[in-house]
Amino acid sequence: MGYYCSTNDVGSRLGLNSAQRTQASTKLTLAMKRATIEIDQEFRDYGRGAPSGEIGSSTLSNPILAGATSIPLVSNTAFATTGEGSIDADSFSWTGKGSNSLTGCTGISVAHASGDTVRGGEMTHILTEICADLAAAYYMEDEGGSFEGGVGGTIMRERGTLNLKRLAHLGLVN
């Protein structure tokens, strides 16, 4: 099952360093799964198809630098010929496909490591943000932790839920 966000997306919301993210990987993944299910269900509740069917996902087969115009993927079969996507919240667009790559890319603003998750599809970036907010809230609730004053998880859940309802109501533009 693919998720709308990564452990890095959720870990950054929680302020976890890479060692903490690795240690909490299983719990973060469970929270991401719950968030992805909630996103898909919200779209279905509005009578729309789940956006997971519209999102392509793969990983970088080699590292890339800021300004890269080609993105090497393990597989590009889940991606449209042209589109928009993100790598760890770094949004980009592409105009073509090569042999397991996306070509004509613009917008890559930072370097990315081999193995980083690449997502493509309509509204990919906003779905990543919503998933990360919801997953971080679930993680904090499950762990009994919170940010200042015990309201951090509640605020993240409210923000994620509000944005999700707005997006599901609008739906995907085909």
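Some observations on this one:
- Subset of the range 82-92 that is part of a loop (DSSP other than H, G, I, E, B) and either at positive phi or among the acidic types (Asp, Glu) (or both) - its residue that is surrounded by the fewest Cβ atoms within 10 Å (Cβ to Cβ): Ala89
- Residue check for Ser57: surrounded by 16 or more Cβ atoms within 10 Å (Cβ to Cβ), over 25 Å from Arg166 (Cα atoms) and of a type in the set (Ser, Thr, Tyr): no
- Per-region count, the range 78-88, residues in contact with a Lys or Arg (Cβ under 9 Å, 6 or more places away or on another chain), farther than 10 Å from Ile55 by Cβ and of a type outside the set (Gly, Ala, Ser): 3
- Among the conditions (1) free of Cβ contacts under 8 Å to residues at least 12 places away in the same chain; (2) within 20 Å of Ser91 (Cα to Cα), Gly56 misses just one, which is (1).
- Filter pass, Phe79 being part of a loop (DSSP other than H, G, I, E, B) and crowded, with 17+ Cβ neighbours inside 10 Å: yes
- Unmet requirement for Leu73, which otherwise passes all of (1) closer than 20 Å to Leu164 by Cβ; (2) in contact with a strand residue (DSSP E or B) (Cβ under 6 Å, 6 or more places away or on another chain); (3) modelled with pLDDT of 90 or more; (4) not hydroxyl-bearing (Ser, Thr, Tyr): (1)
- Being over 19 Å from Asp116 (Cβ atoms), polar (S, T, N, Q) and modelled with pLDDT under 90 is a condition met by at least one residue of the range 39-58.
- Restricting the range 98-156 to residues that are at pLDDT below 80 and part of a loop (DSSP other than H, G, I, E, B), the residue that is surrounded by the most Cβ atoms within 10 Å (Cβ to Cβ): Gly121
The values are calculated or read from the model by the stated rules, or taken from the named source; none is laboratory data. On a predicted model such as this, the values are computed, not experimentally measured, just so you know. Cβ: placed from backbone, ideal geometry, glycine included. Neighbour counts: every protein chain shown.
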